[in-house]
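The values are calculated or read from the model by the stated rules, or taken from the named source; none is laboratory data. Small disclaimer: the values here were computed from a predicted structure and weren't measured. Cβ coordinates were reconstructed from backbone atoms using ideal geometry, including for glycine residues, and neighbour counts include every protein chain displayed. Protein only, heavy atoms only, side chains kept; ligands, DNA and RNA dropped before computing areas. Shrake-Rupley method; radii C 1.70, N 1.55, O 1.52, S 1.80 Å.
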Amino acid sequence: MSEMKIIDIKNTINDWAGNQITIRKEENEDLDQINIQLEKATFEQRDSVDDYIADNVMFLHGTAYSTEDAEKTELPSVLYEVPLDGIEEINTDQSIITFKTSRGQYAIMKS
């Protein structure tokens, strides 16, 4: 994984601070969608011995909402974690970033 690509993703998302973003994650045929009034994005590298915890993580800070069943529900946490281990196929433009990781496929869109 290229650390520069992760920095590019984080910088692009930080350019969107103050806007609402939508995160769509598809993992094991399960689709989740979260909306966040974005404050900032941060990145953390850690050396985890637990396979469930990612070594490379981007944190999205802000007020988050789930939109399951067409209902808007505020989430209790203001920190959304995006594991970046095994990241590949990164595509970015001014309003959307898509990529695959070892866990799933992500699309992060500026609303």
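Answer yes if at least one residue in segment 87-94 is within 20 Å of residue 35 (Cβ to Cβ), without any contact (Cβ under 8 Å) to a residue 24 or more places away in the chain and part of a loop (DSSP other than H, G, I, E, B), and no otherwise.
Checked segment 87-94: at least one residue is within 20 Å of residue 35 (Cβ to Cβ), without any contact (Cβ under 8 Å) to a residue 24 or more places away in the chain and part of a loop (DSSP other than H, G, I, E, B).
Please tell me if residue 41 is more than 11 Å from the chain's Cα centre (by Cα) and surrounded by 13 or more Cβ atoms within 10 Å (Cβ to Cβ). It would help to see each step written out before you state the result.
Values: more than 11 Å from the chain's Cα centre (by Cα): no; surrounded by 13 or more Cβ atoms within 10 Å (Cβ to Cβ): yes.
Spelling it out, it is not the case that residue 41 is more than 11 Å from the chain's Cα centre (by Cα) and surrounded by 13 or more Cβ atoms within 10 Å (Cβ to Cβ).
Please go through segment 57-100 and give me each residue that is modelled with pLDDT under 85 and touching an Asp or Glu at 6+ places or on another chain (Cβ under 6 Å), ordered by number.
Hit for segment 57-100 is 65, nothing else.
Out of segment 74-86, which residues are touching a residue at least 40 places away in the same chain (Cβ under 8 Å) and either small (Gly, Ala, Ser) or open to solvent by 20 Å² or more (accessible area, probe 1.4 Å) (or both)?
Selection gives 75, 80, 85, 86.
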